[in-house]
Amino acid sequence: MKALWSAATVKVIGAGIDDAGFAEDLSRLVGDHDVAVAGSSVTAGRQTRSTSLRQQRVLPASTIRALPKGRALVWATGAKVAMVTTLPWYTGPLADQVTAARDTAELALTSRAAAGSTTPSAGVAGPPVGQVPATVTKEAA
């Protein structure tokens with residue numbers, strides 16, 4: 001899993017992260033920022049004020065683990081992380097078409113799995129499992 005995550009050039013994390021260690025790793029990827037801390041002291045009737053900087057996580061692991069539905073963090077190679085609002089397909093104008101396509105694909109996969117088949121069911125596009133599509137050369141695959 002870590003090798004796949006490291007190799008990805010775009011990473012998207014949404015609500016539902018339950019692994020505390022992974023959430024901590026994500027928090028470190030988001031990074032830290034400086035926070036000004038004011039202090040004061042009184043010595044021999046004389047007050048002294050000071051300001052110092054300390055590092056604080058931008059998004060602690062607990063905040064990442066508590067991302068609400070409809071929010072996601074997106075990392076792209078060479079760019080800072082972004083928090084985005086998702087656009088659920090099931091509320092959009094093509095919801096009926098996407099639902100029908102999903103149901104068809106799910107039925108085909110379930111049927112293939114139940115039958116132990118390695119070739120797609122009728123109506124499902126794509127080459128047999130393990131074969132390269134005719135439009136892709138073996139070198140590109």
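The values are calculated or read from the model by the stated rules, or taken from the named source; none is laboratory data. Just so it is clear, the model here is predicted, and its values are computed rather than measured. Don't worry about glycine lacking a Cβ; one is built from the backbone with ideal geometry, like all the others, and counts go over all protein chains shown.
Among the candidates Val58, Val12, Val30, Val37, the residue that is out of contact with any helix residue (DSSP H, G or I) (no Cβ under 9 Å at 6 or more places or on another chain), surrounded by 10 or more Cβ atoms within 10 Å (Cβ to Cβ), at pLDDT 90 or above and under 20 Å from Thr85 (Cα atoms) is uniquely Val12.
The rows are residues; the columns are (1) touching a Phe, Trp or Tyr at 6+ places or on another chain (Cβ under 8 Å); (2) over 23 Å from Gly21 (Cβ atoms).
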| residue | (1), (2) |
| --- | --- |
| Arg65 | no, no |
| Val81 | yes, no |
| Thr91 | no, yes |
| Gln97 | no, yes |
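Scanning the stretch 84-103 for residues that are β-branched (Val, Ile, Thr) and more than 22 Å from the chain's Cα centre (by Cα) yields one hit, Thr99. Tallying residues that are outside any strand (DSSP E or B), farther than 16 Å from Ala72 by Cα and of a type outside the set (A, V, I, L, M, F, W, C) within the stretch 26-49 yields 3. Among the residues of the stretch 73-87, is there at least one that is surrounded by 12 or more Cβ atoms within 10 Å (Cβ to Cβ), hydroxyl-bearing (Ser, Thr, Tyr), assigned to a loop (DSSP other than H, G, I, E, B) and touching a residue at least 40 places away in the same chain (Cβ under 8 Å)? Yes, there is a match, as at least one residue in the stretch 73-87 is surrounded by 12 or more Cβ atoms within 10 Å (Cβ to Cβ), hydroxyl-bearing (Ser, Thr, Tyr), assigned to a loop (DSSP other than H, G, I, E, B) and touching a residue at least 40 places away in the same chain (Cβ under 8 Å).
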